[in-house]
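J.: Before we start, here is the structure in question, set down as C-alpha cells.
The values are calculated or read from the model by the stated rules, or taken from the named source; none is laboratory data. Small disclaimer: the values here were computed from a predicted structure and weren't measured. Neighbour counts are summed over all protein chains in view; Cβ atoms, including those assigned to glycine, are modelled from backbone coordinates with ideal geometry. All accessible areas refer to the heavy atoms of the entire protein, side chains included, with ligands and DNA or RNA removed. Shrake-Rupley method; radii C 1.70, N 1.55, O 1.52, S 1.80 Å.
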Amino acid sequence: MPLDRLSFQGLRNLAPLEMRPSATVNLISGDNGSGKTSLLEGIHILGMGRSFRTQQLKHAIHHDHDSVTLHGRLMGDPPVPLGVRRHRQQAELEMRMAGERVGRVARLVEALPLQLINPDAFRLLEGSPAARREFLDWGVFHVKHDFLEAWRRMRRALKHRNALLRHDRMDDQSMTVWERELVHWSERLDALRSAYMADFLPVFEATLAELLPLPGLMLRYHRGWDRQRDLAELLAQGRATDRQMGFTQQGPQRADLRIRVDRRPAVEVLSRGQQKLVVSALKLAQGRLLEQCTGRTCVYLIDDLPAELDAAHRRLFCHWLARMQCQVFITSVDSEALVEAWQPGTAMAMFHVKQGRLTAHGT
C-alpha cells in the first residue's frame, strides 16, 4: 500500500514537514544540502526503524530538538497510520501502527516494504556478504511467512553456541544440545532461502535482460557451508578451530549471493555504469517478485537518480517502475532530468526542497 500522508518533525535540517505524496511518482528536487535525502531518510526510518545514513538514530535528530517524530499513513480501507519517535536521551525507538504500540520493527517492515537505491546500494556487489544476506533475507521475509521464526531460532542457537565456545571449559552436553538446535533451524532457513532464489532468479534475469544484456553474468546462492557435507558433522568436527576463533565459522550466518561474470567477480569485470544497472535490476526484480507472490508493491526510495544512471538507462529504469505501478520517491538537483525520464502523460507529483522547507512544485 502506498503512503498518502507524511508528517516529520525534528529530522535533521528539515523544517516541520507535511506532505501529501502521489500514490505513484514523486519527484523531489533541490540544491545539495537542502534536505532531499533527509526526506527519504525519514521514510526509511518509518518503514525500517533505522536510518541508511547513520547507525545511531540520535544523530538524525535536529540539533534544536529533543526528539525526532515521524508519521505516515498507508492508503487502504481503512487507512493505516504509522508512527515512530526517538528521544535523544533514550535508546528505545517508540513505534505505533493503527493506533497500537508496536514491539518489533518487523511489523513496520512488513507493513511498508521499502527498496532503497542510493550510492550505498553498490555494497551488493563490492561490499561484504552481510549486505547481500540482508538483501536476500528482505525478500524471503516478505514472501515466506515462517522465515522470521526460523531466522530468530537460528540466531538464538548460534548465540548460545558462540557463548559456549568462549567459555574457559566447554560444556560438551550443552554444546550438543545447541548444535542440534542450530542445525535444525539452519536447514529450515536454507530451504526457505533456496526456494526464494529459485523464484527470484528468472525474474532477475528477465529484468536485467531489458536493462543491460549480460549473457555471462551468473547469480548463485551459497548457503554458508559445503553443500556436499552435513552441517551437524561440520560443527562437531570444527569445535576446536571454532573455539580458537571464538565463533562459529560455518552455517547460514555465512550465506552469500555470488555475482560473477564469466566466473570472475562482477565487481572486477563490470564498469561502474554496468554495476549500477545490475544493482538496479536486483532491486526491481525483488519488487516484481513481491507483487507476483503477494499482490503488494514496494515503495522505492531513489536518491539522485541522474547520478546513478545515464539518460537512456534512466528511461528504461523508470519504464519498469511505471509498469510495476508502485510508489516512488526520487530526488535530484536537476528537476528536468527527473521529468524527462518518464513517458509523457505519467501521473506524478513534483516537490521542491529549499533550506529544509518542502513545497509542492507543480504537477
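J.: May I ask you to derive the relative contact order of segment 1-123, considering only C-alpha pairs under 8 Å and at least 6 residues apart, and to give it as an integer percent?
T.: Computed value for segment 1-123: 25 percent relative contact order.
J.: How much length is gained if the chain between R220 and E134 is pulled fully straight, taking 0.36 nm per residue apart and subtracting their Cα-Cα distance, in nm to one decimal?
T.: Contour length minus Cα-Cα distance gives 29.4 nm.
J.: A further question on this structure: Taking segment 23-104, which GluC sites (Glu not before Pro) meet the DSSP loop condition and have no more than 11 other C-beta atoms within 10 Å?
T.: Numbers: sites: E41, E92, E94, E100; in loops: E92.
Passing sites in segment 23-104 are E92.
J.: Specify the inter-centroid distance of segment 302-363 and segment 157-192, based on alpha-carbon positions, in whole Å.
T.: 48
J.: For the chain, set up a Gaussian network in which alpha carbons nearer than 10 Å are linked by springs, and say which option among A240, A60, A255 fluctuates the most.
T.: Maximum fluctuation in the GNM of the chain, among the listed residues, is at A240.
J.: Separate question: Which one, G35, G139, G216, has the greatest fluctuation when you compute a Gaussian network model over the chain with C-alpha springs under 10 angstrom?
T.: The residue that fluctuates most here is G216.
J.: Compute the acute angle (0 to 90°) between the alpha-carbon long axis of helix 172-211 and the principal axis of greatest extent of the alpha-carbon atoms of the chain; round to the nearest 10°.
T.: Helix 172-211 sits roughly 40 degrees off the main axis of the chain.
J.: Further, regarding this structure: Which residue, chosen from F147, P78, A130, occupies the Cα position most advanced towards the positive end of the dipole of segment 36-179, where the dipole is computed from +1 (Lys, Arg) and -1 (Asp, Glu) charges on Cβ about the Cα centre?
T.: Of the candidates, A130 comes out farthest on the positive side.
J.: Another question, if that's okay. Expressed as an acute angle from 0 to 90° and rounded to the nearest 10, what is the orientation of the C-alpha long axis of helix 129-143 relative to the principal long axis of the chain?
T.: 80
J.: Excluding E268 itself, what net charge comes from residues whose Cβ is under 15 Å from its Cβ, given Lys and Arg +1 and Asp and Glu -1?
T.: Numbers: positive: R258, R260, R263, R264, R272; negative: E126, D262.
Its environment carries a net charge of +3.
J.: Angle between the Cα long axis of helix 147-165 and the longest principal axis of the chain, 0 to 90 degrees, nearest 10?
T.: Between helix and principal axis, roughly 50 degrees.
J.: Then there's this: How big is the gap, in Å, between the Cα center of segment 18-73 and the Cα center of segment 224-278?
T.: Using only Cα atoms, the two centres lie 34 Å from each other.
J.: So, one more: Name the most mobile residue of R156, R85, R323, meaning the one with the largest mean-square fluctuation, in a Gaussian network model of the chain with Cα contacts below 10 Å.
T.: R323
J.: With point charges of +1 on the Cβ of Lys and Arg and -1 on the Cβ of Asp and Glu, referenced to the Cα centre of the chain, which listed residue (G246, L108, N26) lies farthest in the positive direction of the dipole?
T.: With unit charges placed on the Cβ atoms, the residue in question is G246.
J.: What FRET efficiency do you get for V177 and R5 if R0 is 45 Å and r is their Cβ-Cβ distance, rounded to the nearest 0.05? Show your work: numbers first, answer last.
T.: Numbers: r = 50 Å, r/R0 = 1.11.
Efficiency, from the Cβ-Cβ distance: 0.35.
J.: Another one. Skip the ligands, DNA and RNA, and give the accessible area per residue of the chain with a 1.4 Å probe, whole Å².
T.: With all protein chains present, the chain gives 48 Å² per residue.
J.: For the chain, with only Lys/Arg (+1) and Asp/Glu (-1) charged at the beta-carbon, what is the dipole magnitude about the Cα centre, in debye rounded to 20?
T.: Its charge dipole is roughly 620 debye.
J.: For segment 116-211, which whole percent of the accessible surface, found with a 1.4 angstrom probe, sits on carbon and sulfur atoms? Walk me through the numbers before you get to the answer.
T.: Details: 2350 of 4690 Å².
The nonpolar share, carbon plus sulfur, comes to 50 percent.
J.: Then there's this: For D262, tell me the accessible area in Å² from a 1.4 Å probe, rounded to the nearest 10.
T.: Ignoring ligands and nucleic acids, D262 comes out at about 110 Å².
J.: Restricting to the chain, what percent of DSSP beta bridges are antiparallel, rounded to 5?
T.: The antiparallel proportion sits near 65 percent.
J.: Let me ask something else. Expressed as a rounded percentage, what relative contact order does the chain have, with Cα pairs under 8 Å and six or more residues apart?
T.: Relative contact order, the chain: 25 percent.
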